[in-house]
Amino acid sequence: MDVPSGFRQSSGKKKKASKSQNRPQLFEDTSVNPSSGFQQTDAYYPPQHHDPMAMQGGGYGMPQNQFPGQQYMNDPMANMAVQYGTSLAGQGKEMMNKNLEKYVSASKIKYYFAVDTAYVGKKLALLTFPFTHSDWSIRYNEDEPIAPRYDHNAPDLYIPVMAFVTYILTAGFVLGTQDRFTPEQLGIQASSALVWIIIEVLAMTLSLYVMNMNTELKYLDTLAYCGYKYVGMIMSLLAGLLLKNNGYYSVLLWYSLCIVFFLIRTLRVKILPHQHDGFTSGSKRSLYLILTISVVQPLMMWWLTSHIMFQTKK
């Protein structure tokens, strides 16, 4: 029996609905009908803790826009410790600067390097031939010696320092011509020469102190006068390189006489006491000291150049 189309269509919908109701649910529906009178939220929120440090957005225990560890800097005890350490370091630096300025003043060192080309030329000529020089006095300006560039009798450290470096290089060159050069030789020559000049300066300073002499000689003056011998040592090595033994001994003997004469005339102005009552015992001690210092310089010149010039036989 034929069923009307309307009835057939409704029955199909019912079948589909029944099929959909028979399907198992994957998740349990926990929602409640709004008509029941209350609504349940979908998520659980923990209780809020009103932490002012966390609410500022900088993370737990850290305020916003602050670097790590800044909270310790805000501690009064930490600030007090930092201030105390800064003040202590400043006091130590000031004390060190005072002591350093007392013994190694920058202004004093600058004085010994206040030279020019004219001064260097005159000083080298004076060290090479001092016998015709008559005026050995040092000029002063308001109880202070004038700069070396204005007085070629004043001691300087420019020539000794440059001569020391040149001596090391010349020694290395001479050793190279004898096939005895090694990189260690430069260090050996530099260290030995440095040690000997320190011993000389300490011996002179100690002698002046023990003998209790009235002198205007400073330790930097002593260093300058002991360093002038390197000029003769350089010339001796170069002469020995060109003229062999005869040239070495001839130039060494000449510069030995020059340095002895130069130091005797120069140190007399610095060491001898200004007395007008004749040749006193203090003048004798000063003269002996001057002669000792002057005679030691040629011996040091020979000692520091002979082992370079002549190869020792093993």
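The values are calculated or read from the model by the stated rules, or taken from the named source; none is laboratory data. None of these values were measured; they are calculated from a predicted model. Here the Cβ positions follow ideal geometry from the backbone for every residue, glycine too, while neighbour counts run over all protein chains shown. Just so you know, the surface numbers come from the protein's heavy atoms only, side chains and all, with ligands and any DNA or RNA stripped out. Shrake-Rupley method; radii C 1.70, N 1.55, O 1.52, S 1.80 Å.
Residue selection: TRP196 satisfies the criterion of being aromatic (Phe, Trp, Tyr), within 20 Å of VAL165 (Cβ to Cβ), open to solvent by 60 Å² or more (accessible area, probe 1.4 Å) and part of a helix (DSSP H, G or I). Residues that are part of a loop (DSSP other than H, G, I, E, B) and loosely packed, with under 12 Cβ neighbours inside 10 Å do occur in segment 181-188, at least one of them. Of the residues screened, GLY176 is not one that is surrounded by 15 or more Cβ atoms within 10 Å (Cβ to Cβ) and of a type in the set (Gly, Ala, Ser).
This table checks each residue for (1) touching a Leu at 6+ places or on another chain (Cβ under 9 Å); (2) exposed (fewer than 15 other Cβ atoms within 10 Å of the Cβ).
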residue: THR215; (1), (2): yes, no
residue: ALA224; (1), (2): yes, no
residue: GLY232; (1), (2): yes, no
residue: GLY240; (1), (2): yes, no
residue: LEU243; (1), (2): no, yes
residue: TRP254; (1), (2): no, no
residue: LEU257; (1), (2): no, yes
residue: ARG265; (1), (2): no, no
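Checked against the criterion of being closer than 21 Å to PRO130 by Cβ, among the aliphatic types (A, V, I, L, M) and in contact (Cβ under 8 Å) with a residue 60 or more places away in the chain, the candidates MET233, MET213 yield just one match: MET233.
Taking VAL231, is it within 22 Å of PRO148 (Cα to Cα) and not basic (Lys, Arg)? In short, yes.
Yes/no matrix, rows are residues, columns are (1) surrounded by 15 or more Cβ atoms within 10 Å (Cβ to Cβ); (2) within 20 Å of LEU223 (Cα to Cα); (3) in contact (Cβ under 8 Å) with a residue 12 or more places away in the chain:
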residue: VAL120; (1), (2), (3): yes, yes, yes
residue: LEU126; (1), (2), (3): yes, yes, yes
residue: PHE129; (1), (2), (3): no, no, yes
residue: SER134; (1), (2), (3): no, no, no
residue: SER137; (1), (2), (3): no, yes, yes
residue: ASP143; (1), (2), (3): no, no, no
residue: ASN153; (1), (2), (3): yes, yes, yes
residue: ALA163; (1), (2), (3): yes, yes, yes
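So is MET211 open to solvent by 20 Å² or more (accessible area, probe 1.4 Å) and either closer than 18 Å to SER294 by Cβ or not aromatic (Phe, Trp, Tyr) (or both) or not? The answer is yes for MET211.
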